[in-house]
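Report on the structure given below.
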Amino acid sequence: MNGKGVEIVLFFENISMALSSLKANKMRALLTMLGIIIGITAVIAIMTVGNSLESTITSSMQSMGASDITVYLKYKSQEVETGASGMTYESVSKDRGLLESDLISEEMIQGFKEEYKDSIVGITLSESTGRGKVSIGKNYANVMVTGVNSDYFLSTDIKILSGRTLSETDYLNGRNVALVTDKLVNNLFGGDVKAAVGREIEVKDDMGYSRYTIAGVYEHQENPMMVTTSSEKDMETYFYVPLKAVQNRVHSSGGYTSISIITKPNIDTNQMILDAKNYFNAYYRNNNYFDVGAFSMASMISAMSTMMDTVTLAIGVIAGISLLVGGVGVMNIMLVSITERTREIGTRKALGAPNSSIRLQFIMESMVICLIGGLIGVALGVALGIFASNLLGYPAEPTIFSIVLSLGFSMTIGVFFGYYPANKAAKLDPIEALRYE
């Protein structure tokens, strides 16, 4: 048998000896593994829940239009003298309120559409009259009355269950028609979506009373990013009406504090943000109080992902400290094991076993302890992570990375904390070891 074959045989012999040693002291081995098991369980469970939460929020934000760009009014910043330290910036006084002339106008929006028609799909506009309530007898439904333009549903995915969506004629004439959810229909009409279409209902909101005809019913979709403690009966849903209908009620001239740009696929979002800021700020060059800012959902997703990764990693590292505690426990039990097996070590050395063989034997035993503990920890961590994710209402997503990382770290601990006891065993004097009682 060549040298490589001998090494393989010795490798498996060491594993067999390690397993035999663990079987001989089952309870002690289990208690030794406990720190490793708890540490890996905590790390994997935390990373599973963190990844599940991040994935759910990211998916939800993407469904809201990851490439959409929001342009919004903000107070200008101005240079302020700070003496020897030079110049700094702070927002101008907010004592002056927002005037109609400060708003983003229809003229600006149409000009932007024309200039960037090859890069954008549309621009969504909305305005709300606030929270409201629809009542029929003792039955009621809470709503958020929201006026929208014809581009609004290009980025908002809704499924019509009955009736129709809002038409161009509705938008142009500002008709008092509405798109309502199946939740509202359940509360007011016993869930009959077909019977609800064409019914006239009265809404009381922050602007008073108004009457609308139901044009269509759409399917309500839960937003994972929003946690509500309301019962289904008291749930607040969006009540969509033509934007002009809301503007007629609030006597608005058509100015906006924010708009949302829907970009075409494969458009450089960062460049479009810069273009939008430059375009609209040209109109605010002479405005001493306001200018515009812009951001995309994609940039928010990136920032959120970075933050979530950092938080998950930080908590995982804290949980991982228990792995170091488990490593100290492994070192301690290995030192005890060497003391108990001093005569055995002396016998092996007397028969010609080299120091490297003795050292490898005990390092392998330490690694086996950590590997078995790690595998148990992985199983418990994945199970606990899945349970916690489901309990919070998120789909569980254990990652291969966290499992491999935890097992790798566990094996590293086995080598690191097992080396000192193994080296101590290898350096024992065979004569003194044979005399040991």
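The values are calculated or read from the model by the stated rules, or taken from the named source; none is laboratory data. Please read all numbers here as calculations on a predicted model, not as lab measurements. Please note: Cβ atoms are built from the backbone with ideal geometry, for glycine as well, and neighbour counts cover all protein chains shown. When the accessible area is computed, the model is the full protein with side chains, heavy atoms only, and any ligands, DNA or RNA have been set aside. Shrake-Rupley method; radii C 1.70, N 1.55, O 1.52, S 1.80 Å.
In region 174-216, how many are among the polar types (S, T, N, Q), under 14 Å from R249 (Cβ atoms) and open to solvent by less than 10 Å² (accessible area, probe 1.4 Å)?
Residues of region 174-216 among the polar types (S, T, N, Q): 176, 181, 186-187, 210, 213.
Now narrow it down to the ones that are under 14 Å from R249 (Cβ atoms): 176, 210.
Narrowing the set further to residues that are open to solvent by less than 10 Å² (accessible area, probe 1.4 Å) leaves none.
The qualifying residues number 0.
For region 96-117, a residue qualifies if it is under 27 Å from S210 (Cβ atoms) and open to solvent by less than 50 Å² (accessible area, probe 1.4 Å), and the qualifying residues are G97, L103, I104, S105, I109. Once region 219-231 is narrowed to residues that are over 21 Å from the mean Cα position of the chain (by Cα) and at pLDDT 70 or above, the residue that is most open to solvent (accessible area, probe 1.4 Å) is E219. Contact map, region 267-278: first residue under 16 Å from L73 (Cβ atoms) and assigned to a loop (DSSP other than H, G, I, E, B), second residue at pLDDT 90 or above and not aliphatic (A, V, I, L, M), Cβ cut-off under 8 Å, separation 6 or more or different chains; the map is empty.
Each row is one residue, and each column tells you yes or no for (1) touching a Cys at 6+ places or on another chain (Cβ under 9 Å); (2) open to solvent by 30 Å² or more (accessible area, probe 1.4 Å); (3) in a helix (DSSP H, G or I); (4) without any contact (Cβ under 8 Å) to a residue 40 or more places away in the chain.
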position	(1), (2), (3), (4)
T339	no, yes, yes, yes
T347	no, yes, yes, no
M364	no, no, yes, no
V368	no, no, yes, no
L371	no, yes, yes, no
E397	no, yes, no, no
P421	no, no, yes, no
A425	no, no, yes, no
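Applying a threshold of 8 Å to beta carbon distances and a minimum spacing of six or more residues, or different chains, the list of pairs starting in region 118-133 at a residue that is on the phi > 0 side of the Ramachandran plot and open to solvent by 10 Å² or more (accessible area, probe 1.4 Å) and ending at one that is among the aliphatic types (A, V, I, L, M) and in a loop (DSSP other than H, G, I, E, B) reads G130/M207.
Regarding Y171, is this residue surrounded by 14 or more Cβ atoms within 10 Å (Cβ to Cβ), outside any strand (DSSP E or B) and of a type in the set (F, W, Y)? Talk me through it step by step, then tell me what you get.
Details: surrounded by 14 or more Cβ atoms within 10 Å (Cβ to Cβ): yes; outside any strand (DSSP E or B): yes; of a type in the set (F, W, Y): yes.
So Y171 passes the test.
Sort out which residues of region 136-154 are farther than 16 Å from V241 by Cβ and hydrophobic (A, V, I, L, M, F, W, C), and write them in order of number. Correct list: I136, L154.
A Cβ distance below 7 Å, combined with a sequence gap of six or more or placement on separate chains, defines the contacts here; from region 175-188, residues that are under 15 Å from N139 (Cα atoms) and in contact (Cβ under 8 Å) with a residue 40 or more places away in the chain reach residues that are polar (S, T, N, Q) and outside any loop (DSSP other than H, G, I, E, B) in the pairs K183/T237; L184/T237; N187/N139; L188/N139.
Of all the residues in region 272-286, those that are open to solvent by less than 30 Å² (accessible area, probe 1.4 Å) and over 15 Å from E107 (Cβ atoms) number 3.
If the condition is being part of a strand (DSSP E or B) and open to solvent by less than 30 Å² (accessible area, probe 1.4 Å), then region 137-152 contributes A141, V143, V145, T146, G147, V148. For G352, the conditions (1) surrounded by 15 or more Cβ atoms within 10 Å (Cβ to Cβ); (2) not in a helix (DSSP H, G or I) are fulfilled apart from (1). Return yes or no: is M297 surrounded by 15 or more Cβ atoms within 10 Å (Cβ to Cβ) and within 25 Å of V43 (Cβ to Cβ)? For M297, the condition - surrounded by 15 or more Cβ atoms within 10 Å (Cβ to Cβ) and within 25 Å of V43 (Cβ to Cβ) - is not met.
Pairs are defined by a Cβ separation below 9 Å, a sequence spacing of at least 6 or placement on different chains, a first member in region 147-169 that is under 21 Å from G254 (Cβ atoms), and a second member that is basic (K, R); the pairs so defined are G147/K244; G147/R249; N149/K244; L166/R175; S167/R175; T169/R175.
Would you be able to say whether some residue in region 129-149 is within 28 Å of D268 (Cα to Cα) and either modelled with pLDDT under 90 or of a type in the set (A, V, I, L, M) (or both)?
So in region 129-149, the residues within 28 Å of D268 (Cα to Cα) come out as 148-149.
Checking the rest, the ones that are also either modelled with pLDDT under 90 or of a type in the set (A, V, I, L, M) (or both) come to 148.
For region 129-149, residues within 28 Å of D268 (Cα to Cα) and either modelled with pLDDT under 90 or of a type in the set (A, V, I, L, M) (or both): present.
Name the strands (runs of 3 or more DSSP E) wholly inside region 74-127 in which the number of residues that are under 19 Å from S260 (Cβ atoms), among the polar types (S, T, N, Q) and at pLDDT below 90 is 3 or more.
Values: elements: 77-81, 87-91, 120-124.
The strands (runs of 3 or more DSSP E) meeting that bar number zero.
Quick check, is S55 closer than 30 Å to L323 by Cβ and at pLDDT 60 or above? In short, yes.
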